[in-house]
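Novice: Below you will find the structure I want to go over with you.
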Amino acid sequence: MDRGRHSAGRPLSRVPVIICVVVLVLGLLTAGSAYGAFRYDRSNAGRVLPGVEVAGVDIGGMTREEATAAASAEADLWLSQSLEVAAAGRTWRVTPAELGVTADVNAAVDEAFAVAGSYSWTSRAFLRLAGRSVTDSFEVDYSFDKTAAERFVKGAARSVIEDPVNASIAIGRNGGLVVTHSRAGQELDLPAGLGNIREALDSRQTSAKLPLVKVRPEISDQDLGKTIVVRISQNKLYLYDGVKIEKAYSVATAAPGYTTPLGSWKVIDKAENPTWVNPAPNGWGAGEPATILPGPGNPLGTRALYLDAPGIRIHGTPDSASIGSYASHGCIRMLISDSEDLYPRVPVGIPALIIK
């Protein structure tokens, strides 16, 4: 009886052993698999996780060098694109790179590699072995160096700038009268132009405009003031207000042998009822009084304008018959009534131009 029970129990004693063996084998397999997975993850540590994008480019599985090259190639496509810049009817073509834009590809690739740190090594191994993809995407940041853009805008500004023109009345090179109307100039609005370029770059536009601003002349037609113009060939005196003739008067100028000096002069003084002082007592004034007080016979009439041309005046004359002829000793004679009309219209300091 005892022997029979002993023989029947022997096969049962092997079960724990088999279980242990199986468990051990499974443990070894699991450990081996885990170790293999760990080694696999370590061997791929220098590669981006599958599915990660930089600048829209899938760089999953790439090394840092490969990922940087791929993302740089994509960034360079935009940096080398042509931006059309227009101002004052002119256009320029310039690239973002030429305008000082640079791409920080390395920072975006760093972020792409950092994605792996948010997963355990087992998850990374599973993603790679199972061909699963993550959905992380990173854009490349672009830096804008305003120095290069400023250099470009200033260069464009030099080609479109127009200086304003001041109103003027002057004697030209040929001795004739040149009347110039004022005209506004133009220049680029540099701050606004830089802003427009920056906006175009930020929004990936293909064109940008550089706005112009008008530059007002320092002297407009209305600001020019009064100018006296004496035309000897016509024996006429014209009073200009700005660039328009306000009044015209008949005058007498130098008789043959005497000179009414041509040139640009100024009214330096003016007098009512002036005293005549003999300017050439040893010349044509010999035998004339040294002075003649104001009155009906005064050679200067009742009004006189003194020019900075030596001895030359614009004045009235009692000899009204001489007006319109060449009869003076160099002065510019006017009818007394005309000299009285002109006198209050003329401030001291205005130009007096005498031309042929």
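The values are calculated or read from the model by the stated rules, or taken from the named source; none is laboratory data. These figures come from a predicted structure and were not determined experimentally. Cβ: placed from backbone, ideal geometry, glycine included. Neighbour counts: every protein chain shown.
Novice: Scan the stretch 207-218 and give yes if some residue there is acidic (Asp, Glu), surrounded by fewer than 17 Cβ atoms within 10 Å (Cβ to Cβ), in contact (Cβ under 8 Å) with a residue 40 or more places away in the chain and outside the structural domain of Val348 (by TED's automatic domain parsing), otherwise no. Walk me through how you get there before you give the answer.
Specialist: To start, the set of residues in the stretch 207-218 that are acidic (Asp, Glu) comprises 218.
Subset that is surrounded by fewer than 17 Cβ atoms within 10 Å (Cβ to Cβ): 218.
After this cut, where a residue has to be in contact (Cβ under 8 Å) with a residue 40 or more places away in the chain as well, the list is 218.
Retained after the next criterion (residues that are outside the structural domain of Val348 (by TED's automatic domain parsing)): 218.
Yes - at least one qualifying residue is present in the stretch 207-218.
Novice: Among residues belonging to the stretch 64-90 that are more than 30 Å from Val213 (Cβ to Cβ) and exposed (fewer than 13 other Cβ atoms within 10 Å of the Cβ), point out the one that is farthest from the chain's Cα centre (by Cα).
Specialist: Start the filter on the stretch 64-90 by keeping residues that are more than 30 Å from Val213 (Cβ to Cβ), which leaves 64-80.
With the extra rule that they be exposed (fewer than 13 other Cβ atoms within 10 Å of the Cβ), the set shrinks to 65, 73, 77, 80.
Details: Glu65: 42, Ala73: 34, Leu77: 29, Ser80: 24 Å.
Among them, the one singled out is Glu65.
Novice: At least 2 residues that are hydrophobic (A, V, I, L, M, F, W, C) and either farther than 20 Å from Leu305 by Cα or modelled with pLDDT under 95 (or both) in each: list the strands (runs of 3 or more DSSP E) lying fully within the stretch 174-284 that qualify.
Specialist: The qualifying strands (runs of 3 or more DSSP E) are 177-180, 212-215.
Novice: Would a scan of the stretch 338-348 turn up a residue that is crowded, with 19+ Cβ neighbours inside 10 Å, touching a Phe, Trp or Tyr at 6+ places or on another chain (Cβ under 8 Å) and more than 16 Å from Thr227 (Cα to Cα)? Steps first, answer last, please.
Specialist: First, the residues of the stretch 338-348 that are crowded, with 19+ Cβ neighbours inside 10 Å: 338-339, 342-343.
Checking the rest, the ones that are also touching a Phe, Trp or Tyr at 6+ places or on another chain (Cβ under 8 Å) come to 338, 342.
Filter once more, keeping what is more than 16 Å from Thr227 (Cα to Cα): 338.
Checking the stretch 338-348: at least one residue is crowded, with 19+ Cβ neighbours inside 10 Å, touching a Phe, Trp or Tyr at 6+ places or on another chain (Cβ under 8 Å) and more than 16 Å from Thr227 (Cα to Cα).
Novice: Which of the residues that make up the stretch 249-263 are surrounded by 15 or more Cβ atoms within 10 Å (Cβ to Cβ) and farther than 20 Å from Trp284 by Cβ?
Specialist: Tyr249, Ser250, Leu262
Novice: Just name the residue that is farthest from the chain's Cα centre (by Cα) out of those in the stretch 232-244 that are surrounded by 17 or more Cβ atoms within 10 Å (Cβ to Cβ) and touching a residue at least 24 places away in the same chain (Cβ under 8 Å).
Specialist: Keep residues of the stretch 232-244 that are surrounded by 17 or more Cβ atoms within 10 Å (Cβ to Cβ), which gives 232, 235, 237-240, 242-243.
Add one more test, that the residue is touching a residue at least 24 places away in the same chain (Cβ under 8 Å), and what stays is 232, 235, 237, 239-240, 242-243.
Numbers: Ile232: 48, Asn235: 50, Leu237: 45, Leu239: 41, Tyr240: 37, Gly242: 32, Val243: 32 Å.
By that ranking, first place goes to Asn235.
Novice: What number of residues in the stretch 133-173 are of a type outside the set (S, T, N, Q), under 31 Å from the mean Cα position of the chain (by Cα) and not in a loop (DSSP other than H, G, I, E, B)? Reasoning before the result, please.
Specialist: Looking only at the stretch 133-173, we keep the residues that are of a type outside the set (S, T, N, Q), and these are 134, 136, 138-142, 144-146, 148-158, 160-165, 167, 169-173.
Okay, now just the ones that are also under 31 Å from the mean Cα position of the chain (by Cα), so 140-142, 144-146, 148-158, 160-165, 167.
Retained after the next criterion (residues that are not in a loop (DSSP other than H, G, I, E, B)): 141-142, 144, 146, 148-158, 160, 162, 165.
The total comes to 18.
Novice: Looking only at the stretch 88-121, count how many residues are part of a helix (DSSP H, G or I), touching a strand residue (DSSP E or B) at 6+ places or on another chain (Cβ under 8 Å) and not small (Gly, Ala, Ser).
Specialist: 3
Novice: Just give me the residues in the stretch 245-264 being of a type outside the set (A, V, I, L, M, F, W, C) and free of Cβ contacts under 8 Å to residues at least 12 places away in the same chain, in sequence order.
Specialist: Gly257
Novice: While we're looking at this one, here's another question. Sort out which residues of the stretch 267-285 are under 27 Å from Ser168 (Cα atoms) and either of a type in the set (Asp, Glu) or exposed (fewer than 15 other Cβ atoms within 10 Å of the Cβ) (or both), and write them in order of number.
Specialist: Residues satisfying the conditions are Ile268, Asp269.
Novice: Considering only residues that are farther than 21 Å from Glu218 by Cα and free of Cβ contacts under 8 Å to residues at least 24 places away in the same chain, which ones fall in the stretch 141-171?
Specialist: Once the filter is applied, which keeps residues that are farther than 21 Å from Glu218 by Cα and free of Cβ contacts under 8 Å to residues at least 24 places away in the same chain, the stretch 141-171 yields Arg151, Gly155.
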